[in-house]
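Below is one structure, written out as structure tokens, with a few remarks after it.
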Amino acid sequence: MRLLICLVSWLLLCCCWRTRAEIFTSIGQMTDLLYTEKELVHSLRDYIKAEELKLAEVKSWARKLDDLTRISTSDPEGYLAHPVNAYKLMKRLNTEWSQLESLVLQNPSDGFISNMTMHRQYFPDAEDEKGAAKALMRLQDTYHLDSEDFSKGRLPGMHSNAVLTVDDCYDMGKTAYNEGDYYHAVLWMQQSLKQLDAGEEAVVSKAAILDYLSYSVYQMGDLPRAIELTRRLVAIEPSHQRAGGNLRYFEKLLLKVQSEEEPTNQPASEEPIQLGTYVRPKDHLPEREIYEALCRGEQDGMTEARRSRLFCRYQDGSRNPRLLLKPMKEEDEWDSPHIVRYLEALSDYEIGKIKEMAKPRLARATVRDPKTGVLTTANYRVSKSAWLEEEDDPVIGRVNQRIQDITGLTVDTAELLQVANYGVGGQYEPHFDFSRMSDVEAGGATVFPDFGAVIQPKKGTAVFWYNLFKSGEGDYRTRHAACPVLVGSKWVSNKWIHERGQEFLRPCGLTEVD
């Protein structure tokens with residue numbers, strides 16, 4: 001007789017909350033940089049004030065000496081005939097001009113430079129800036145946002161004064177270009193050109209924008225438009241290093257293409273290049289279109305028939321003493337696979353305490369490389385995370401006990417409580433055995449591409465589901481993703497409950513899919 005020990009799924013309980021919208025992979029840590037920047041502004045103002053005081057004093061010296069030298073040089077011998085004037089000349093040249101020299105050599109910037117040096121170690125680097133630019137492009141794709149919407153501060157449900165200048169758009173396009181991402185390079189260079197043509201002042205030249213734009217358009221396979229843009233570049237800067245050669249190459253290539261195909265004689269399109277003009281290249285994710293449509297609120301698989309099978313109830317954990325007087329509010333989010341949400345899973349005090357403990361420990365979230373087994377960062381998982389244990393604070397022990405009470409499973413073999421923080425564009429693409437939940441202004445939902453579920457983030461709630469059947473077979477329907485955060489800062493707590501120790505708490509079913 002063989003004893004079959006059932007494997008209980010990797011369970012995930014996500015406890016979520018919300019803060020105000022800011023930017024970067026981890027908003028929790030970026031808030032510190034805002035205060036650092038504020039301190040540097042104060043330091044800069046102190047430096048300006050010191051420079052102004054120094055300049056005012058030097059000007060006072062100049063006015064006094066200007067009056068003096070005008071009198072002395074009008075009749076040098078007569079001026080020096082007076083012994084007091086002769087003495088004061090010796091004194092000025094020996095003492096007072098030395099004092100003036102010391103004043104001019106004083107450097108009021110020392111304090112400001114010292115402050116800058118102290119804080120610079122915490123500043124974002126070039127990789128961070130590139131990551132932020134790529135995050136905007138990720139949001140642009142996922143939520144179908146035109147470059148102009150971003151540049152004018154228009155996002156779904158809000159309008160702000162956070163605008164992008166000509167130079168900002170150019171830098172965005174250049175970031176994409178340097179990554180070989182010509183699709184986004186076209187969108188952002190076109191927006192930069194549009195704002196420049198509208199009269200906005202900029203450091204970047206029109207020729208520089210056209211140079212990148214024309215070649216990126218060529219890379220997207222639009223030869224007629226590439227030729228038209230390159231001609232505009234040559235007209236502006238006839239001696240441009242690459243433009244002439246590119247133009248001849250593009251024209252020759254177009255003739256070759258036209259000779260091999262049926263001639264159309266269609267001129268280059270003069271319509272602005274915007275979202276939808278070109279097809280975004282395919283990438284590594286097979287369900288990309290479904291995933292992003294769900295993030296936008298499209299293709300939601302919830303039907304009236306399914307909704308009728310969803311209920312809410314008070315959960316007392318099978319008469320658990322800790323839940324008898326105050327049972328947990330439980331709501332069905334999905335029927336099969338069964339996904340439930342627990343309301344008021346964390347108090348505001350607990351949320352604040354967990355954030356306080358996690359913030360100084362946040363580090364870029366990692367994934368395990370399937371080939372090497374080594375933990376590494378990945379573009380498909382963009383967040384920062386920290387791990388908390390019961391010894392850190394009694395709050396963690398209470399949260400772990402609450403998880404055990406409402407699930408009916410032991411957390412003795414579970415992993416530590418993980419806390420993750422997402423900023424703009426923060427996401428986790430479709431995967432198994434992982435999730436992200438939170439309350440944010442826009443974006444950040446958890447979606448299930450296989451059956452079309454969209455689980456919206458709500459502050460203080462917890463979401464729970466099984467990723468394995470009772471038989472131990474994986475439930476592949478539970479492949480899910482955390483949509484990019486469009487506006488807001490997304491904080492989440494995750495708890496993985498392992499299979500070991502659950503054998504008698506969740507007994508085997510009779511079939512593989514029980």
* In region 153-165, the residues that are among the polar types (S, T, N, Q) and open to solvent by 60 Å² or more (accessible area, probe 1.4 Å) -> 161
* Structure fact -> Within region 321-347, of all residues that are part of a strand (DSSP E or B) and among the basic types (Lys, Arg), the one nearest to the chain's Cα centre (by Cα) is 341
* What are the pairs, 6+ residues apart or on separate chains, where a residue within region 395-422 that is in contact (Cβ under 8 Å) with a residue 40 or more places away in the chain and among the charged types (D, E, K, R) has its Cβ under 6 Å from a residue that is assigned to a loop (DSSP other than H, G, I, E, B) and buried (at least 16 other Cβ atoms within 10 Å of the Cβ)? -> 405/317
* Does region 397-412 contain any residue that is at pLDDT 65 or above, touching a Lys or Arg at 6+ places or on another chain (Cβ under 6 Å) and either surrounded by fewer than 21 Cβ atoms within 10 Å (Cβ to Cβ) or of a type outside the set (Lys, Arg) (or both)? -> yes
* If we scan region 51-64, do we find a residue that is surrounded by 10 or more Cβ atoms within 10 Å (Cβ to Cβ), at pLDDT below 80 and either closer than 30 Å to residue 136 by Cβ or among the aromatic types (Phe, Trp, Tyr) (or both)? -> no
* For residue 259, which of the numbered conditions (1) part of a loop (DSSP other than H, G, I, E, B); (2) more than 36 Å from the chain's Cα centre (by Cα) fails to hold? -> (1)
* **Members of region 77-107 that are of a type in the set (A, V, I, L, M, F, W, C) and closer than 19 Å to residue 61 by Cα** => 89, 90, 93, 97, 100, 103, 104, 105
* Name the residue, out of 439, 369, 433, that is farther than 26 Å from residue 330 by Cα, modelled with pLDDT under 80 and among the acidic types (Asp, Glu). => 369
* Structure fact -> Per the list (1) open to solvent by 90 Å² or more (accessible area, probe 1.4 Å); (2) free of Cβ contacts under 8 Å to residues at least 40 places away in the same chain, residue check on residue 244 breaks on (1)
* To do: List every residue pair whose Cβ atoms sit under 6 Å apart, with the two residues 6 or more apart in sequence or on different chains, where the first one lies in region 128-149 and is under 14 Å from residue 277 (Cα atoms) and the second, anywhere, is modelled with pLDDT under 85 and surrounded by fewer than 18 Cβ atoms within 10 Å (Cβ to Cβ).
  => 146/274; 146/275
* To do: Tell me, yes or no, whether region 218-225 has at least one residue that is touching a helix residue (DSSP H, G or I) at 6+ places or on another chain (Cβ under 8 Å) and of a type in the set (Ser, Thr, Tyr).
  => yes
* Report yes if residue 168 is under 20 Å from residue 242 (Cα atoms) and either assigned to a helix (DSSP H, G or I) or open to solvent by less than 60 Å² (accessible area, probe 1.4 Å) (or both), otherwise no. => no
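Only residues that are assigned to a loop (DSSP other than H, G, I, E, B) and open to solvent by 100 Å² or more (accessible area, probe 1.4 Å): list them for region 283-320, please.
Hits for region 283-320 are 284, 286, 299, 309, 311, 318, 319.
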* Where residues in region 442-465 are in a loop (DSSP other than H, G, I, E, B), closer than 19 Å to residue 303 by Cβ and hydrophobic (A, V, I, L, M, F, W, C), which of them is modelled with the highest pLDDT? -> 451
* **Per-region count, region 171-194, residues surrounded by fewer than 24 Cβ atoms within 10 Å (Cβ to Cβ) and among the polar types (S, T, N, Q)** => 3
* Structure fact -> Note on region 124-152: residues under 20 Å from residue 297 (Cβ atoms) and open to solvent by less than 50 Å² (accessible area, probe 1.4 Å) are 138, 139, 140, 141, 142, 143, 145, 146, 149, 150
* **Complete set of residues in region 390-411 that are within 31 Å of the chain's Cα centre (by Cα) and among the polar types (S, T, N, Q)** => 400
* Scan 129, 96 and give me the residue that is under 24 Å from residue 483 (Cβ atoms), among the acidic types (Asp, Glu), in a helix (DSSP H, G or I) and at pLDDT below 85. => 129
* Structure fact -> Taking region 474-514 and the residues there that are among the acidic types (Asp, Glu) and over 36 Å from the mean Cα position of the chain (by Cα), the one that is most open to solvent (accessible area, probe 1.4 Å) would be 512
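The values are calculated or read from the model by the stated rules, or taken from the named source; none is laboratory data. None of these values were measured; they are calculated from a predicted model. All Cβ positions, even for glycine, are placed from backbone atoms using ideal geometry, and neighbour counts span all protein chains on display. Only protein heavy atoms, including side chains, enter the accessible area calculation; ligands, DNA and RNA are left aside. Shrake-Rupley method; radii C 1.70, N 1.55, O 1.52, S 1.80 Å.
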